[in-house]
Amino acid sequence: MAVTAQPALDAYRVRADFPIFEQTIHGKPLAFLDSAASSQKPRQMLEAMVRFYETSYANVHRGVYELAERATAGLENARERVATLLNAPAAREVVFVRNATEGINLVAYAWGLSNLGPGDVVVATELEHHSNFVPWQYVARRTGADFRVLPLDDSGELRLDALDALVGGGRVKVVAAGIVSNALGTVNPIETLARWAHEHGAIVVADAAQAAPHRTLDVQALGCDFLALSGHKMCGPSGIGVLWGRAELLEAMEPFLTGGHMIRSVGLERTTWGELPHKFEAGTAPMAEAVGLAAAIDYLEAIGFDAIERHEHELTAYALGRLSELPWVTTFGPPLERRAGIVSFDVDGVHPHDVAQVLDFEGVAIRAGHHCCQPLMRRLGVTATNRASFYVYTVREEIDRLVEGLYRVRKAFS
Ligand code: C6P
């Protein structure tokens with residue numbers, strides 16, 4: 001009797017939760033292969049936000065009436081939910097921000113401006129998204145610290161062997177690294193990097209924008225000091241992200257944004273700051289978005305992060321196999337074992353924007369460009385790549401349609 005391996009998850013059933021797939025694009029079913037840019041939204045998350053707006057909406061942490069209390073409970077329940085997701089020691093270490101970019105800027109400004117100076121070294125990686133590269137480069141320049149970049153090997157993996165030489169005798173204060181690369185899918189050895197950083201007295205700022213949607217994260221096991229993520233990449237709404245930070249670091253930091261809600265008391269001469277996390281949450285909170293993010297986390301956990309990771313691994317193996325049938329396609333990135341559900345590739349002689357446009361007519365959405373990773377593009381010797389990225393609702397047929405579309409691209413441009 002033939003034994004068939006059980007698929008990690010039933011992506012067709014999952015897909016039915018996402019209203020976006022009920023339409024056609026250019027008369028074709030939608031093959032959405034751009035989840036690394038932003039994910040689609042399940043009905044469960046959308047309904048949670050509508051329910052909140054219809055039954056529990058008011059400003060939070062201000063009113064003493066029933067609705068305000070319900071809204072505050074929604075926001076604070078979401079904070080607890082995120083803390084559990086990340087295995088954070090305390091919910092007050094979870095700061096709601098707009099997105100991962102804002103979370104990293106918060107650390108760069110509020111920690112970096114007070115803790116960096118001449119003689120200090122800030123290390124980012126050549127693989128980094130601009131969001132965990134530019135803020136550090138900028139704050140290093142503002143403070144007189146040295147900004148250095150950890151190089152990659154030819155398959156797009158971090159050259160950890162170059163770390164010691166990179167800092168030389170310098171005083172390394174920050175190591176900024178992504179957990180998963182958005183451009184190549186490389187899964188970085190953050191734990192090893194964090195051990196090295198801590199031995200040198202540096203803090204580790206982990207960019208989890210591409211990791212949080214797809215894998216179990218444990219800030220204590222990772223050993224990082226700060227971690228940032230975006231809700232919109234993990235089935236949640238746009239407009240909300242998370243910065244997690246170790247309480248003692250957050251407590252010692254100056255605020256990033258100032259104004260309403262983040263204060264303890266305001267006087268004519270001087271203002272004092274509120275407790276964590278409020279010190280970092282100036283202005284009205286993204287409360288409906290927080291409720292949506294909590295529902296998205298519930299949704300992903302019900303599927304299971306192990307199943308999600310296995311599903312994406314199977315799809316990536318399939319995609320790499322199918323693309324290897326096309327001798328005029330070059331793929332970039334590390335071996336399958338150290339790669340998440342992202343495949344970057346080049347089609348001989350055709351600019352990625354043209355590739356993406358032809359594919360769009362076939363209903364296939366991919367991203368083409370530098371993926372906010374210009375230092376990486378330079379390292380690869382290209383200005384842009386095509387990128388297909390997978391998620392819980394991705395099915396093999398979409399990868400087949402990508403490959404069929406690439407034959408059309410080839411035909412159109414040969
Ligand atoms: N990457 C992509 O297509 P924001 O925009 O703040 O939600 O996320 C920024 C960000 C930070 N780090 C990584 C690793 C990312 O991938 C992203 C967003 C999108 O790859 C848009 S450039």
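The values are calculated or read from the model by the stated rules, or taken from the named source; none is laboratory data. Everything quoted here is computed from the prediction, not taken from an experiment. Ideal geometry is used to build each Cβ from the backbone, glycine not excepted, and the neighbour counts take in all protein chains shown. Ligands, DNA and RNA are stripped out before the accessible areas are found, and what is left, the full protein with its side chains, is counted by its heavy atoms. Shrake-Rupley method; radii C 1.70, N 1.55, O 1.52, S 1.80 Å.
Checking segment 70-77 against the condition returns a match, with at least one residue being touching a residue at least 24 places away in the same chain (Cβ under 8 Å) and either open to solvent by 40 Å² or more (accessible area, probe 1.4 Å) or not assigned by TED's automatic domain parsing to the domain that holds residue 287 (or both). Per the listing 260, 239, the residue uniquely modelled with pLDDT of 95 or more, more than 15 Å from the ligand (Cβ to nearest atom) and open to solvent by 30 Å² or more (accessible area, probe 1.4 Å) is 260. For residues that are among the charged types (D, E, K, R) and in contact with a strand residue (DSSP E or B) (Cβ under 6 Å, 6 or more places away or on another chain), scanning just segment 65-94, find the one that is nearest to residue 251 (Cα to Cα). For segment 65-94, the residue satisfying everything is 93.
Cβ separations smaller than 8 Å between residues 6+ apart or across chains give the following pairs from segment 218-234 residues that are within 10 Å of the ligand (Cβ to nearest atom) to residues that are open to solvent by 10 Å² or more (accessible area, probe 1.4 Å) and in a strand (DSSP E or B): 228/207.
Looking only at segment 394-401, decide whether some residue is in a loop (DSSP other than H, G, I, E, B) and either surrounded by fewer than 24 Cβ atoms within 10 Å (Cβ to Cβ) or in the same structural domain as residue 23 (by TED's automatic domain parsing) (or both). There is at least one residue in segment 394-401 that is in a loop (DSSP other than H, G, I, E, B) and either surrounded by fewer than 24 Cβ atoms within 10 Å (Cβ to Cβ) or in the same structural domain as residue 23 (by TED's automatic domain parsing) (or both). All conditions in (1) touching an Asp or Glu at 6+ places or on another chain (Cβ under 8 Å); (2) modelled with pLDDT of 95 or more; (3) closer than 25 Å to residue 185 by Cα hold for residue 12, with the sole exception of (1). Sub-9 Å Cβ pairs linking a first residue in segment 107-136 that is of a type in the set (D, E, K, R) to a second residue that is within 13 Å of the ligand (Cβ to nearest atom) and modelled with pLDDT under 95, at least 6 apart or interchain, number zero. Restricting attention to segment 135-160, the residues that are touching an Asp or Glu at 6+ places or on another chain (Cβ under 9 Å), of a type in the set (Val, Ile, Thr) and either surrounded by 22 or more Cβ atoms within 10 Å (Cβ to Cβ) or in a helix (DSSP H, G or I) (or both) add up to 1. If you filter segment 81-130 down to residues that are more than 16 Å from the ligand (Cβ to nearest atom) and among the charged types (D, E, K, R), you find that the one that is most open to solvent (accessible area, probe 1.4 Å) is 92.
Residue-wise test of (1) open to solvent by 10 Å² or more (accessible area, probe 1.4 Å); (2) touching a helix residue (DSSP H, G or I) at 6+ places or on another chain (Cβ under 9 Å).
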| position | (1), (2) |
| --- | --- |
| 365 | yes, yes |
| 370 | yes, yes |
| 378 | yes, no |
| 387 | no, yes |
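Scanning segment 310-344 for residues that are open to solvent by less than 30 Å² (accessible area, probe 1.4 Å) and acidic (Asp, Glu) yields a single hit, 312. Within segment 22-67, the only residue that satisfies the criterion of being on the phi > 0 side of the Ramachandran plot and at pLDDT below 95 is 61. In segment 263-277, of all residues being part of a loop (DSSP other than H, G, I, E, B) and without any contact (Cβ under 8 Å) to a residue 40 or more places away in the chain, the one that is surrounded by the most Cβ atoms within 10 Å (Cβ to Cβ) corresponds to 274. Just one of the listed residues (183, 212) is within 11 Å of the ligand (Cβ to nearest atom) and under 27 Å from residue 78 (Cα atoms), namely 212.
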